[in-house]
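To start, the structure itself, in structure tokens.
The values are calculated or read from the model by the stated rules, or taken from the named source; none is laboratory data. Being a predicted model, the structure only gives us computed values, none of them experimental. Here Cβ is always computed from backbone atoms with ideal geometry, including for glycine, and neighbour counts include all displayed protein chains. Only protein heavy atoms, including side chains, enter the accessible area calculation; ligands, DNA and RNA are left aside. Shrake-Rupley method; radii C 1.70, N 1.55, O 1.52, S 1.80 Å.
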Amino acid sequence: MGTENPGRPTFPARPVSSPFAAAPAPQTVTPFASMPGSDPPPPFRPTPPAPPQASSPFSSFGPPVRPGAPSFRPAPPGRFNDPSVPPPPPPQSSNFLPAGNFQQFSAPQFPPAQPRGPPPMMGQPQPSFQPPPAVQTQSFPASFPPQPQMPHVPMGSPPPPPSATTPGPLGTNVPPTAYQPSFPGYARMQPGAEIQPPPMHSANQGNYGPVPPAQSSPFAPNQGGYVQQPPVAAPLGMQHMPPPGSASSIQGLTEDFSSLAVQTRPGTIDQVFDAKELPRPLDGDVEPNNLAEMYPMNCNPRYLRLTTGALPSSQSLASRWHLPLGAVVCPLAESPDGEEVPTVNFAPASVVRCRRCRTYVNPYVTFTEAGRKFRCNVCTLLNDVPSEYYAQLDATGRRVDLNQRPELTQGTVEFVAPTEYMVRPPMPPVYFFLIDVSISAVKSGMIEVVAETIKSCLDELPGFPRTQIGFATFDSTIHFYNMKSSLTQPQMLVVSDLDDIFVPLPDDLLVNLSESRSVVDAFLDSLPTMFQDNVNLESAFGPALKAAFMVMSQLGGKLLIFQNTLPSLGIGRLRLRGDDTRVYGTDKEHGLRLPEDPFYKQMAAEFSKLQISVNVYAFSDKYTDIASLGTLAKYTAGQVYYYPAFQSAIHGEKLRHELRRDLIRETAWEAVMRIRCAKGVRFTTYHGNFMLRSTDLLALPAVDCDKAFAMQLSLEETLLTTQTMYFQVALLYTASCGERRIRVHTMAVPVVTDLADLYRLADTGAIVSLFSRLAIEKTLSQKLEDARSAVQQKIVKGLKEYRNLYAVQHRLANRMIYPESLKFLMLYGLALCKSMALRGGFGDVPLDERCAAGHTIMTLPIKRLLKLLYPSLIRVDEYLLKASVQADDLKSIERRLPLTGESLDYRGLYIYDDGFRFILWFGKVISPDIAKNLLGADFAAELSKATLIEHNNEMSRRLMKVLEKLRNTDRAYYQLCHLVRQGEQPKEGFLLLANLVEDQMGGNSGYADWMLQISRQVQHT
Amino acid sequence: MAEVLYWISTFVLILTLLCMLGYQLILLVDLEFDYINPYDSTSRINQVVLPEFIILGIFCFTNLIAGHWFTFFLSLPCMYYNARLYFKREHLADVTEIYNKLKWEKNKRLFKVANLVIIFVFSILSLVWTLTEDVH
């Protein structure tokens, strides 16, 4: 990107910086330490403690928003030789978190990366300074001794708002354009970018020795410690970093934002974007790690991501941030091997928490008074340390047992909860299966697959030996199964009175799996045959649901519903709807996506109250009203799996994998979750599958690693006085082993006063996740069209505000500008509008699939959501044809292609992978070799009938290996292969072509058009 | 005599309605401050929703037959709104969404209270007016 390595291009411009910069001896440098600070190249970087990150997108560093460069350049060259001139303030002071950071500089702990950090001093333990983004302060190892006294200079003098006028001197000295990468050039984002650095770099090297380009070491800011001299305000005002994008530096412009030039099509007046230049997330989701440098003790972003890695300091600032302000939490995200969450047991003491705000002890609390008290980082209350938890402080103010206390060093930790955290003894894992056995279910073969899968998972169900299990089946009657351990065969009990449901033998329907194992096995063996001749068409789903509720009401647990026929008998019966095209586009349209019968909402509320989580598996080939059934999952932290027109021969494998994962993944039972933050900020709305038990308490009867929750926050006070805001997510749950636990994620973020910082730290993934959830919720009360235009409007507003930051100073006509951190936002917005849940109207997506997609999106973690919105398209034929393959050669197929029809070559074979399914696209003139080898004898036949199985040849094995590898990247869903040949209508259309989000389809605009629309609205509304 | 009965019933009905709305508001505020769980709160609110609608209906009806047109017209919008909610089956508080709609539910009831207070004031004024008429 044109924006990375920002400072560099200015080097050559710098006249005589060598005297200082080259000065090797630290002591000589010291006095000027601040000078280089405002001066981009990192002159000394003997042993970079952090890996050079030049190649990483700078966004991870934070954009060079106000790096030293701009301020330096204008400064008269003579300055550098004149030590009497007060050096400019340390960069970090002027550009970021002015006041707060200084305290933190003295902060004892340095990022772990640092080999010999100064011993900690008193003060807050957080090692939290913002490594000033692209400020290339050099880090002199020798100059590292602790610097307790901090420059007070910049304290409390916030950086001028972006709109501030440029300081005089700066304006006069316009950077020599000779050194500019040609101005128009920078606009071409991708290409230009990569080229710029090298030459500069070499120039750089001449002066400074080998320097990893553009690196800001994590402790660079410490440097601030040296800069006591620069006194105070006078120079500060002058040399303050010019506000981002001030006119003084065109260079600054490259650093501040990315932009796209609108071109005029030759011969016409139509304006277009060059499709090749549009940003595309071909690397998938990139987790933001800029906070990790500032606050290394934060929890991993896989658990908690904020839409922007900073908090606006005032309501007025927050109101200018038009994108959502909030968080996306995935409390139980799977952690890679070796990073297991540490478990802490405080027994016999209780869990250590702040007395007033109930915050759990975390790495950011500070211990004082020789370790007898700790200060809560959230509400600053001084708490007593329980005697069991007491430890002395060493000379530097750290607890001596710090290394044995993961809760004081890690952002994610699990506490074992004592009995105060239980309202009843921890429940055992309970699985209850409610299976439809009407004729359509029998015919589809669903029962067989389900029985088989459950049986194969019995050994792996979590919580052995306490696990409980039960079954009921239903058609027009309800069948219970007595599985008492003393029996050898299960006993079937039929209830046919649907109006007044009662449960026979309430104690023996839900049994301990390990005791009744043989009976359960016998039942699952006989289940498929038991109903194979059933000709019952009806479904008494509602009454069966009530019965299951009664059976489970004692313990709670997980209810898995396998449903195949539209509920037709008893309470909760549903009727066909959604086939009326006239409703679409009217005010009644949203009603189709809402539950038809209030029964389902009531049941969901009751389920949630009694700790029952409902997972719905729907299989019907006809309308089955996912909108109503999904409600059950929505309020009970469940999940909807929808297999339209299920046939066991085709979809069996998918069901098997997904049911298996559902059964054996680690599950947190009877959980509640809360996110806390300091006073002044409040979480207002929550989005996802859960039920609110009080204003801020999410009830999650069962939750697992595949569920994420989003929330939005608002500022309650007009002005935040703190410099750091802490968020703490606490999930109180019963582990399958029967232990009550609290999983706590803590995150600290800076409070900023500058809108540009919010944009710089924005996290596209989290924003898109919130956008999608808000859009889906909107479809429940408004038309699809409205939901789509709301997405677009929000993006436009966000970009417009951003443009206003810069547009005044720069002539930006015909140029679309956006922050580097949000470069994919527009594309994801477009993809969201074209997603299954929001796309088109009546004819485009069947109602059930639309609702199921909506329910899925409401639970998806960010990574998976982004993959679903912008799936990967990979060409594989070249790989398959390659003569020899090395083991690591699979890498060559990891190159993702833009999702447009132009990427498809009619000679190729492509895999389209959205995380839920694979679509294999065979080009028209694909080499017959490939087709033959992969499909065997089927290759000439209709592909809809062909299935992909491994054939006995190298090519087929290789393809299978590729698919397996792709599946292994994310095991939450099983990607079933759909085969389609080019030109095969209508299958090609709805399987692949409709999903190429960058193409124009029907009434939807393509990517370039969408960008143009947005760009126009940003400029003209 | 009928007039006396009318005035008595008017004030009794208005006061009952105010009490019912006050009760619902208290429950909603309690919910907001976490003194009560959503299940209890909504079930108690829902217990009085229909009676409230019916009483308002009776109130309108008595005004209609008693010929107090202005009072009748004052209470008509509220009546219409209630009927609409009822026929859309949206009159009951929804426990699953109560927190998201808390603000709206509260405002709705505050509005009704304001409406009733206006009716009440107007009724008193017109009572005083009729009394002074009688005296002269």
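Return the only residue of B:L92, B:L64 being away from chain A (no Cβ under 12 Å) and aliphatic (A, V, I, L, M).
B:L64
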Determine if the stretch A:644-667 includes at least one residue that is within 14 Å of chain B (Cβ to nearest Cβ) and either under 24 Å from the mean Cα position of the chain (by Cα) or not charged (D, E, K, R) (or both). no
Test set (1) open to solvent by 40 Å² or more (accessible area, probe 1.4 Å); (2) away from chain A (no Cβ under 14 Å) - B:C78 fails condition number: (1)
Options A:A775, A:A756, A:A762, A:A790; residue that is without any contact (Cβ under 8 Å) to a residue 40 or more places away in the chain and under 30 Å from A:Q1019 (Cα atoms): A:A790
Checked pairs for the stretch A:841-862, first at negative phi and open to solvent by 20 Å² or more (accessible area, probe 1.4 Å), second assigned to a helix (DSSP H, G or I) and not aromatic (F, W, Y), C-beta under 6 Å and 6 or more apart or across chains, list as A:F842/A:T581; A:H855/A:G630
Identify the single condition in (1) at pLDDT 90 or above; (2) more than 12 Å from every other protein chain (Cβ to nearest Cβ) that A:D579 does not satisfy, given that it satisfies every other one. (1)
Tell me which residues, restricted to the stretch A:674-696, are within 11 Å of another protein chain (Cβ to nearest Cβ) and either surrounded by fewer than 18 Cβ atoms within 10 Å (Cβ to Cβ) or not hydrophobic (A, V, I, L, M, F, W, C) (or both). A:T684, A:T685, A:Y686, A:H687, A:R693, A:S694, A:T695, A:D696
Looking at A:P348, A:P363 in this structure, which one is of a type outside the set (D, E) and in contact with a strand residue (DSSP E or B) (Cβ under 9 Å, 6 or more places away or on another chain)? A:P363
Residue within the stretch A:812-826 that is over 21 Å from the mean Cα position of the chain (by Cα) and either farther than 16 Å from A:V1018 by Cβ or at pLDDT 90 or above (or both) present: no
Can you work out which of the residues in the stretch B:1-12 that are touching a residue at least 12 places away in the same chain (Cβ under 8 Å) and open to solvent by 30 Å² or more (accessible area, probe 1.4 Å) is farthest from the other protein chains (Cβ to nearest Cβ)? B:E3
Filter the stretch A:453-475 down to the residues that are in contact with a Gly (Cβ under 9 Å, 6 or more places away or on another chain) and open to solvent by 30 Å² or more (accessible area, probe 1.4 Å) and list them by number. A:R466, A:Q468
Filter the stretch A:584-604 for residues that are assigned to a helix (DSSP H, G or I) and open to solvent by 40 Å² or more (accessible area, probe 1.4 Å); which is farthest from A:R788 (Cα to Cα)? A:Q602
Which ones in the stretch B:21-54 are away from chain A (no Cβ under 14 Å) and open to solvent by 30 Å² or more (accessible area, probe 1.4 Å)? B:Y23, B:I26, B:R44, B:Q47, B:L50, B:P51, B:I54
State which residue is nearest to the other protein chains (Cβ to nearest Cβ) when the search covers only the stretch A:697-724 and only residues that are open to solvent by less than 10 Å² (accessible area, probe 1.4 Å) and touching a Cys at 6+ places or on another chain (Cβ under 9 Å). A:F709
Sole exception among (1) at pLDDT 95 or above; (2) open to solvent by 30 Å² or more (accessible area, probe 1.4 Å) for A:I767, by number: (2)
For the stretch B:95-109, which positions are open to solvent by 90 Å² or more (accessible area, probe 1.4 Å) and more than 11 Å from chain A (Cβ to nearest Cβ)? B:W104
Of all strands (runs of 3 or more DSSP E) completely enclosed by the stretch A:468-583, which ones contain at least 1 residues that are within 28 Å of A:A645 (Cα to Cα) and in contact (Cβ under 8 Å) with a residue 40 or more places away in the chain? A:468-474, A:478-482, A:557-563
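Filter the stretch A:480-493 down to the residues that are surrounded by 11 or more Cβ atoms within 10 Å (Cβ to Cβ) and out of contact with any Leu (no Cβ under 6 Å at 6 or more places or on another chain) and list them by number.
Of everything in the stretch A:480-493, those that are surrounded by 11 or more Cβ atoms within 10 Å (Cβ to Cβ) and out of contact with any Leu (no Cβ under 6 Å at 6 or more places or on another chain) turn out to be A:Y481, A:M483, A:K484, A:S485, A:L487, A:Q489, A:P490, A:Q491, A:M492, A:L493.
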One residue from A:E420, A:E407 being assigned to a helix (DSSP H, G or I) and either open to solvent by 10 Å² or more (accessible area, probe 1.4 Å) or of a type in the set (V, I, T) (or both): A:E420
State the number of residues belonging to the stretch A:594-604 that are out of contact with any Lys or Arg (no Cβ under 8 Å at 6 or more places or on another chain) and under 29 Å from A:I664 (Cβ atoms). 1
A:L731 being assigned to a strand (DSSP E or B), touching a residue at least 24 places away in the same chain (Cβ under 8 Å), of a type in the set (A, V, I, L, M) and open to solvent by less than 10 Å² (accessible area, probe 1.4 Å): yes
Which one of these is assigned to a helix (DSSP H, G or I), more than 13 Å from chain B (Cβ to nearest Cβ) and surrounded by 22 or more Cβ atoms within 10 Å (Cβ to Cβ): A:S613, A:S628? A:S628
Candidates A:A395, A:A370, filtered to the one that is over 37 Å from the mean Cα position of the chain (by Cα) and touching a residue at least 40 places away in the same chain (Cβ under 8 Å): A:A395
